[in-house]
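The structure appears below as structure tokens.
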Amino acid sequence: MKKFLALAAIAFGAISSSAFAKDLCDVPEDQWQSMEAFEQAITDKGWKIKKTKVDDGCYEVYGWDENGEKVEAYFNPKTFELVKMDD
């Protein structure tokens, strides 16, 4: 019974923490610039885009940065500021 209660507590904690998690980019959608404008802005800076999508409230890019490094990067959809970059 103790094992069951411990597992139930862990499961509840995991569910409740993900339910209250904030997006990485916390910008109301009515303030976002278009994805086309975003893609143009970063390609103008030398980035090459393989794929762009919305994730965690950000524009997420898979591609290559201005140095030719392969990246997965998250940008603020209002300001196009780089928020996070994964290796």
(request) Can you check what the net charge comes to around residue 24, using other residues whose Cβ is under 14 Å from the Cβ of residue 24 (Lys, Arg +1; Asp, Glu -1)? (result) -4
(request) Return the long-range amide H neighbours of residue 58 (sequence gap of 5 or more, or a different chain), with a cut-off of under 5 Å between placed amide H atoms. (result) 25
(request) Could you pull the Rg and Dmax for segment 24-86, using just the Cα atoms, both in Å? (result) 10.7, 33
(request) Net charge near residue 68: determine it from the other residues with C-beta under 14 Å of the C-beta of residue 68, scoring Lys and Arg +1 and Asp and Glu -1. (result) +1
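Are any of the pairs 50/84; 22/50; 22/45; 22/53; 22/48 more than 20 Å apart by Cα-Cα distance, and if so, which? Don't skip to the end; give the middle numbers.
Working: 50/84 17 Å; 22/50 27 Å; 22/45 29 Å; 22/53 18 Å; 22/48 29 Å.
The pairs that break the limit, which is 20 Å between Cα atoms, are 22/50; 22/45; 22/48.
Bear in mind these aren't lab numbers, they're just calculated from the coordinates by the rules spelled out. Just so it is clear, the model here is predicted, and its values are computed rather than measured. All Cβ positions, glycine included, derive from the backbone under ideal geometry; neighbour counts span all protein chains shown.
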